[in-house]
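Asks: What follows is a single structure, and I will ask about it in a moment.
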Amino acid sequence: MDPRAVSERPPKQSRPGRILMVSSEVESLARTGGLGDVVEALSRSLASLGADVVVVTPKYGVTRVPVDAHWWTRPVVARLGLGHAREIGVLEARLGGRGAPAFARNLAPRVCMLADSQLFDRGGLYGEGDRAFGDNPFRFATLSSGALAVAERAWGGALPDVIHAHDWHAALSVIYARRERGPIWAGVPSIITIHNLAFQGQVPEGEIDYLALPRDGWDAGWFRHEGSVNLLKGAIEVADRVTTVSETYAREIQRWPHGYGLDAHLRWHARKLVGIVNGIDVDAFDPSTDGALARRYSAVDAIDGKRACKAALCAELGLDGDPRAPLFGVVSRLQQLKGIDLLLADVPVLVDRGARVVLVGTGDRELEWALAAAARRWPGRVAARIAFDPGLARRVFAGADFLVVPSRDEPCGLTQMYAMRYGAVPIVTPVGGLRDTVEAVDVAHGTGTGVVAARADAASLLLALEEALALWRDAIGMASLIARAMARDSSWAKSARQYLDLYRELGV
């Protein structure tokens, strides 16, 4: 059977439809990065446009369970391979419902948390320390199968109008629906969104039957890759649409090196590849209401507000708070692809120019050590915090004059949009969503929202940092640039409508 063959679908409907959202992370419940932010904000935006959204995600040991959550009276059954089935409890709540009036809670998307203590009740989402859990493929196969079981009940017996799965952890929900749940499920349109192609879900061939994967898919090569099962590749093969989180990234992943071995597969499926840039939750990230800041401010009083936040941040981190010195901030996972080493190579020049630098993040041990070493070498000029601290991240956005995002590879990126929202001027490399969301400054014409390096290398980044230092010396121009950055619309409104249009193209 051709995995792309589907049963006849119903005609298009006027309503936005029933959306099954499957994700390993949801920001207000449990997250490790941007995936959770995107899934929650997109789901809430779709719900605000009238879509009936149900998000399915695991209930981890670290999940922050909403106070209004309630258990389903009966568990659902996640059917897997070799006759294996698991009974899973379901804890349902409303996303963003806490503290909201009743009418707003009723409009919020539902979230169903899958409770399986043996698989999910652990201290980490994907692993602990530097080691991933060895049973992750089975854990997320259970998520995928369980999500379909939830969907069979969530709408009173009706199936969703579209399955929207996120990254490899949810890829099997698309595969199971198309190939393992019969003709009714096979007719449900599906979308797989690639948030980061570097992570694909590689599984040994011996796990095929245990994960209930169709053997003919291995023989045909649509989930076979370099001698292993590749779950993301299989979902790309059978999904109706494949979306990425920016237009540039959708083009980049069709060629080396950004394709991570799947570039040819993605070129083959280019007809169903769509780039839709992420937005951010502009209500949650708003300097005029953010309680994490030393002083709240809006675009009207941004200069004074940011000056106060900068002084408070410098005091918090032990930096010399000279208001004449520009403050460069970094909030990032510490990974090679994030280009933190590129910035570290340029830190001596920044310090020599009189700048201050603050670096916040966790990740590779070598980079953590390098950040700590830089802070020790330049006390009062460089501060490092090896931590995942959302509150501190917001204070960096508010207090920094510039926010550096030196990525070698960046599907979309959110920090540059958070930075602009808080009036920190982004300095970015020209990759992925950084290219799509930051307009290069043109001083002569008074346009642009940030500084864009020519390439993702240390020399180009240094030139971009020098450009930022020149901008800093022009107080009037800097104030205008901050105003333009804060005025940029980074909300989900446009992108959510693009997803609704995509759903409707599929007959939803």
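Asks: Looking only at residues in region 200-248 that are out of contact with any helix residue (DSSP H, G or I) (no Cβ under 6 Å at 6 or more places or on another chain) and among the aromatic types (Phe, Trp, Tyr), which one is nearest to Asp501 (Cα to Cα)?
Replies: Within region 200-248, the match that is nearest to Asp501 (Cα to Cα) is Trp218.
Asks: Looking at region 290-304 only, could you name the residues that are of a type outside the set (Asp, Glu) and part of a loop (DSSP other than H, G, I, E, B)? Give the steps one after another, and end with the answer.
Replies: Taking region 290-304 as the starting set, the residues that turn out to be of a type outside the set (Asp, Glu) are 291-300, 302-303.
Gly291, Ala292, Leu293, Ala294, Arg295, Arg296, Tyr297, Ser298, Ala299, Val300, listed by residue number.
Asks: Would you be able to say whether some residue in region 248-261 is buried (at least 23 other Cβ atoms within 10 Å of the Cβ), of a type in the set (Phe, Trp, Tyr), touching a Pro at 6+ places or on another chain (Cβ under 8 Å) and touching a residue at least 60 places away in the same chain (Cβ under 8 Å)?
Replies: Yes, the conditions are met somewhere in region 248-261.
Asks: Is it true that Gly391 is surrounded by 24 or more Cβ atoms within 10 Å (Cβ to Cβ) and either in a strand (DSSP E or B) or at pLDDT 95 or above (or both)?
Replies: Here the answer is no, as Gly391 does not meet what is asked.
Asks: Check Asp116 against each of (1) of a type in the set (Asp, Glu); (2) closer than 14 Å to Ala78 by Cα; (3) under 23 Å from the mean Cα position of the chain (by Cα) and name the one condition it does not meet.
Replies: In the conditions (1) of a type in the set (Asp, Glu); (2) closer than 14 Å to Ala78 by Cα; (3) under 23 Å from the mean Cα position of the chain (by Cα), Asp116 misses (3) alone.
Asks: Can I ask one more? Looking at Ala93, Ala78, Ala147, which one is buried (at least 17 other Cβ atoms within 10 Å of the Cβ) and in a helix (DSSP H, G or I)?
Replies: Just one listed residue meets the conditions, Ala147.
Asks: With respect to Val55, is the statement that it is in a strand (DSSP E or B), surrounded by fewer than 19 Cβ atoms within 10 Å (Cβ to Cβ) and in contact (Cβ under 8 Å) with a residue 40 or more places away in the chain true?
Replies: no
Asks: Condition test on Leu465, is it closer than 21 Å to Pro348 by Cβ, at pLDDT 95 or above and surrounded by 16 or more Cβ atoms within 10 Å (Cβ to Cβ)? Spell out the reasoning first.
Replies: Values: closer than 21 Å to Pro348 by Cβ: yes; at pLDDT 95 or above: yes; surrounded by 16 or more Cβ atoms within 10 Å (Cβ to Cβ): yes.
Yes.
Asks: Trp369: hydrophobic (A, V, I, L, M, F, W, C), more than 19 Å from Gln416 (Cα to Cα) and either buried (at least 21 other Cβ atoms within 10 Å of the Cβ) or outside the structural domain of Leu471 (by TED's automatic domain parsing) (or both), yes or no?
Replies: Values: hydrophobic (A, V, I, L, M, F, W, C): yes; more than 19 Å from Gln416 (Cα to Cα): yes; either buried (at least 21 other Cβ atoms within 10 Å of the Cβ) or outside the structural domain of Leu471 (by TED's automatic domain parsing) (or both): no.
In short, no.
Asks: Is it the case, given these coordinates, that Arg215 is of a type in the set (D, E, K, R) and under 21 Å from Leu114 (Cα atoms)?
Replies: When the stated conditions are applied, Arg215 does not pass them.
Asks: From the list Ser332, Ser298, Ser288, pick out the single residue that is of a type in the set (S, T, N, Q) and buried (at least 17 other Cβ atoms within 10 Å of the Cβ). It would help to see each step written out before you state the result.
Replies: Details: Ser298 fails: buried (at least 17 other Cβ atoms within 10 Å of the Cβ); Ser288 fails: buried (at least 17 other Cβ atoms within 10 Å of the Cβ).
Testing whether each residue is of a type in the set (S, T, N, Q) and buried (at least 17 other Cβ atoms within 10 Å of the Cβ) leaves just Ser332.
Asks: Can you name every residue in region 416-454 that is in a strand (DSSP E or B), of a type in the set (Gly, Ala, Ser) and either crowded, with 24+ Cβ neighbours inside 10 Å or in contact (Cβ under 8 Å) with a residue 24 or more places away in the chain (or both)?
Replies: Scanning region 416-454 gives a single hit, Gly450.
The values are calculated or read from the model by the stated rules, or taken from the named source; none is laboratory data. On a predicted model such as this, the values are computed, not experimentally measured, just so you know. Glycine also receives a Cβ, built like all others from the backbone with ideal geometry; neighbour counts cover every protein chain displayed.
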